[in-house]
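J.: Attaching a single structure in structure tokens format; questions to follow.
The values are calculated or read from the model by the stated rules, or taken from the named source; none is laboratory data. This is a predicted model, so every value here is computed, not measured. Cβ atoms come from the backbone with ideal geometry, glycine included; neighbour counts cover every protein chain shown.
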Amino acid sequence: MTGRAAGTRYARALFDVALAESADVQQIGRDLSAFAHLMAANDGLARVLTNPAIPASRKRGVVEQLLARAGALSPVLAKTLLLLADRDRLGVLPDVDAAYRDRLMQHAHVVRAEVVSAAPLPADRVTALRDGLARATGRSVQLETRVDPSLIGGAVTRVGSTVYDGSIATQLQKLKQELVSAE
């Protein structure tokens, strides 16, 4: 099983148990992200926790010490982190974190969207786009904007896995293909 698939399974289990126990799923998400960031930011810690030559029992000891220093973490999250250590799966922690954040967004009926335009969009246009996407999806929209001058004009919008390409560069490319195929 790939790290992403394993991370998704652990995240789903963590989220479902947290909901069943009426735990604060938002706080668990923040704590999980903090733990994943701690591991990513500390190269020595990451090497120890992901090294297959180090026994899982030693990794569990390191995680127990980190949990003791962290203070009040949700028991559900602490058990999950210890389970990952016991199974020598702490390497999938970034995937667990990403999948858990996705699960939180689904639970809150929020969808991510990205708009790439040839020039910076004015704030009122960004708001109008966000509102239009919210009406179209029936969910709240977390919108990111980027500028890519190679689009020449227009915009490319990505909502989840769906892409709406209204860029002039793509239209010119399609026109070129039609002209070449017409010869």
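J.: Can you tell which of Glu144, Glu64 is closer than 30 Å to Leu32 by Cα and within 16 Å of the chain's Cα centre (by Cα)?
T.: Values: Glu64 fails: within 16 Å of the chain's Cα centre (by Cα).
After applying the criteria, what remains is Glu144.
J.: Continuing with the same structure: When only residues in the range 117-134 that are exposed (fewer than 11 other Cβ atoms within 10 Å of the Cβ) and farther than 16 Å from Gly153 by Cα count, which is nearest to the chain's Cα centre (by Cα)?
T.: Restricting to residues being exposed (fewer than 11 other Cβ atoms within 10 Å of the Cβ) and farther than 16 Å from Gly153 by Cα, the top hit is Ala123.
J.: While we're looking at this one, here's another question. For the range 67-87, indicate whether the set of residues that are part of a helix (DSSP H, G or I), surrounded by 18 or more Cβ atoms within 10 Å (Cβ to Cβ), under 13 Å from the mean Cα position of the chain (by Cα) and at pLDDT 95 or above is non-empty.
T.: no
J.: If I filter the range 135-162 down to residues being in contact with a helix residue (DSSP H, G or I) (Cβ under 7 Å, 6 or more places away or on another chain) and more than 29 Å from Ala108 (Cα to Cα), which single residue comes out as surrounded by the fewest Cβ atoms within 10 Å (Cβ to Cβ)?
T.: Ser150
J.: Report yes if Asp165 is surrounded by 14 or more Cβ atoms within 10 Å (Cβ to Cβ) and over 25 Å from Leu104 (Cα atoms), otherwise no.
T.: In short, yes.
J.: Kindly list the number of the only condition in (1) touching a helix residue (DSSP H, G or I) at 6+ places or on another chain (Cβ under 8 Å); (2) at pLDDT 95 or above that fails for Asp124.
T.: With respect to (1) touching a helix residue (DSSP H, G or I) at 6+ places or on another chain (Cβ under 8 Å); (2) at pLDDT 95 or above, Asp124 is out only on (1).
J.: Additional query: Just the residues that are assigned to a loop (DSSP other than H, G, I, E, B) and in contact (Cβ under 8 Å) with a residue 40 or more places away in the chain, please, taken from the range 1-53.
T.: Within the range 1-53, Glu21, Ala23, Asp24 meet the criteria.
J.: Show the residue pairs that are 6+ apart or on different chains and have beta-carbon atoms under 7 Å apart, the first residue being within the range 59-73 and over 14 Å from Arg87 (Cα atoms), the second being in a loop (DSSP other than H, G, I, E, B).
T.: Leu67/Leu73
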